[in-house]
Amino acid sequence: MRTGVWLVGARGSVAVTSVVGALAIRAGLAEPTGCVTELPALRSPALPALSDLVFGGHDISVVELVKKAPALVAAGVLPGMIVEAVAAELAGLEADIQPAPTGRTQREIVDRAAADLVAFRHRHGLGQVVVVNVSSTEAAANPHPAHADLAALISVLGTEAAVLPGSSLYACAAFTAGCAYVDFTPSTGARLPALDQLARQAGVPYAGNDGKTGETLLKSVLAPMFAMRHLHVRSWSGINLLGGGDGASLVEPGANAAKTASKHRVLRETLGYEPEGRTRIDYVEDIGDLKTAWDLVTFTGFLGARMRMEFSWHGCDSALAGPLVLDLARLTAAARAAGRAGPLPELAFFFKDPLGEATHALADQWRDLCDFVASLPAAEADAVAR
């Protein structure tokens, strides 16, 4: 089934890495390393093939994809030979990258974004479109009474009041257009009762939040180890250093706070208590997309023996995130085709701060994901969504 992947932040590092990767795999130039949906346990006829994905998106940036990709080559993120090989296809995608919509009211912005999605779907004869938010992290949304009820939200969107953050406007547009939505960021996105009501009313699923690619991935493996061995974690502190656009956005205190809260929740949920310590994120422009994390864990064992563990993680953030974006687009599209509506807690495996009451232990999340994929019916022949 030909499936659209509409990337919010389509000219950013994660989006361009995802697209270049999909084009390279399709052309036989690269292996799908990092794509968990290509593992035997998750291969399923219910999922659209990587070769069936069609890309488009919104962005405030005007830097063309064929210029962004070489910049990622220079930064050590993408292989130069692959970028050269897919350059023509990359240039061909420009017609489907639209400027971020604007309007006098938020209702106008939602309507214009939804119209872009519908036009994209019909232009390419797509069975459906999945919207994936890979834009910069926002500060947590200021509470508003209209967030709790869809009717109240609709009544105020047409005024000049700004009641929704940008990520939630895109979620609203996705649901309005009948599209599934994935939030790969810790931004508010679809996590408002009014938008949950809209998703269920439209009969579409959504997933999130905040892709789990590095330090938190390790926490979701190590924290259950301490819990299962009945070792008491006294403190867990970490520092993350990153550059690039994501790092630059996290200089803003509100965005930084949203990100660190997302990263720390796994400890509280897995251990059953919150140890002392915090996670700090610092922007270091020089290291670009190559992220470093250092963590120190102190814990108590038998008869009060005091012990400690330290680890470091050095990863290329976009190279870790890119294949997960492709996975999530395929999985969410399959859920939409299967008639799922509302949140998808079964996709917790991919997120730092997953929706619903999902477990935070990676092994348990993996079992839930495998069960979810096994339950999906095989995809039917292409049929353009209405």
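The values are calculated or read from the model by the stated rules, or taken from the named source; none is laboratory data. Small disclaimer: the values here were computed from a predicted structure and weren't measured. Every residue, glycine among them, receives a Cβ derived from its backbone with ideal geometry; neighbour counts consider all protein chains shown. SASA here: full protein model, heavy atoms, side chains in, ligands and nucleic acids out. Shrake-Rupley method; radii C 1.70, N 1.55, O 1.52, S 1.80 Å.
Taking the inverse of the average 1/r across all pairs of different Cα atoms in region 153-253, what Kirkwood radius in Å do you get?
It works out to 16.5 Å.
Using a 1.4 Å probe, how large is the accessible area of residue 126, given in Å² and rounded to the nearest 10?
Taking all protein chains as shown, residue 126 has close to 0 Å².
Counting only the heavy atoms of the protein chains, how much of residue 155 is accessible to a 1.4 Å probe, in Å² to the nearest 10?
80 Å²
Just read off the accessible area of residue 122 with the full protein assembly in place, 1.4 Å probe, to the nearest 10 Å².
110 Å²
Enumerate the amide H contacts of residue 281 below 5 Å, restricted to partners 5 or more residues apart or on another chain; note that Pro and chain-start residues carry no placed amide H.
Here 240 satisfy the definition.
Under 16 Å from the 7 Å Cα→Cβ point of residue 160, by amide nitrogen: which residues of region 81-111?
Under cut-off, by backbone N: 103-109.
FRET efficiency for residue 84 and residue 51, Cβ-Cβ distance as r, R0 = 25 Å, nearest 0.05?
Efficiency computed from Cβ-Cβ geometry: 0.75.
Largest first, how would 52, 295, 111 line up by accessible area (1.4 Å probe)?
Listed by decreasing accessible area, they come as 111, 52, 295.
For region 15-128, what is one quarter of the convex hull surface built on the Cα atoms, given in nm²?
8.6 nm²
Under a 1.4 angstrom probe, counting protein chains only, how are 252, 310 ranked by accessible area, largest first?
Accessible-area ranking of 252, 310, largest first: 310, 252.
By accessible area of protein heavy atoms, probe 1.4 Å, what ranking do 278, 121, 200, 340 get, highest first?
The most accessible residue leads, giving 278, 200, 340, 121.
Projecting each Cα onto the charge dipole of region 307-351 (Lys/Arg +1, Asp/Glu -1 at the beta carbon, about the Cα centre), which of 337, 321, 311 comes out farthest on the positive side?
Looking along the dipole axis, the top candidate is 337.
Per residue, how big is the convex hull of region 122-199 when only Cα atoms are used? Give it in Å³.
Here the figure is 104 Å³ per residue.
Test of understanding: in a Gaussian network model of the chain with alpha carbons linked when under 10 Å, which of 175, 299, 55 would top the mean-square fluctuation ranking?
Between 175, 299, 55, it is 299 that shows the largest mean-square fluctuation.
What is region 266-362 by shape, rounded, prolate or oblate, if you read a ≥ b ≥ c off the alpha carbon gyration tensor as root eigenvalues and call it rounded for a/c under 1.5, prolate for a/b larger than b/c, and oblate otherwise?
Oblate is the answer for region 266-362, as a/c is 1.5 or above yet b/c matches or exceeds a/b.
Of the beta bridges DSSP finds with both residues in the chain, what % are antiparallel, to the nearest 5?
Counting only bridges with both partners in the chain, antiparallel ones make up about 40 percent.
Based on the alpha-carbon gyration tensor of region 336-375, what equivalent-ellipsoid semi-axes (square roots of 5 times the eigenvalues) come out, in whole Å, largest first?
17, 13, 7
Can you check what the net charge comes to around residue 19, using other residues whose Cβ is under 13 Å from the Cβ of residue 19 (Lys, Arg +1; Asp, Glu -1)?
Local charge sum for residue 19: -2.
In terms of modelled amide H atoms, which long-range or inter-chain residues lie less than 5 Å from the amide H of residue 54?
3, 4, 5
Provide the convex hull volume over Cα atoms per residue for region 84-173, in Å³.
Dividing the Cα hull volume of region 84-173 by its residues yields 127 Å³.
For the chain, what is the convex hull volume of the alpha-carbon atoms per residue, in Å³?
Each residue corresponds to 132 Å³ of Cα convex hull volume.
Given region 42-90 reduced to its alpha-carbon atoms as identical point scatterers, what log10 I(q)/I(0) does the Debye formula return at q = 0.26 Å⁻¹?
-1.00
Relative contact order for the chain: what is it in percent, counting Cα pairs under 8 Å that are at least 6 residues apart?
22 percent
For helix 215-228, report the angle its Cα long axis makes with the longest principal axis of the Cα atoms of the chain; keep it between 0 and 90° and round to the nearest 10°.
The helix 215-228 is inclined about 50 degrees to the chain.
Which ³J(HN,Hα) values, rounded to whole Hz and listed in residue order, are derived for region 312-328 from phi using the Karplus coefficients 6.51, -1.76 and 1.60 in 6.51 cos²θ - 1.76 cosθ + 1.60 with θ = phi - 60°, glycine and proline given as x?
Per-residue couplings from phi come out as 10, 9, 10, x, 8, 4, 5, 5, 7, 7, x, x, 5, 4, 5, 4, 5 Hz.
Give the long-range amide H neighbours of residue 232: residues separated by 5 or more places, or on another chain, with amide H under 5 Å away, using H modelled in the peptide plane at 1.01 Å from N.
Here 300 satisfy the definition.
Hey, how much of the P(r) for region 12-65 falls beyond 14 Å, as a percent of Cα pairs?
More than 14 Å apart: 60 percent of the Cα pairs in region 12-65.
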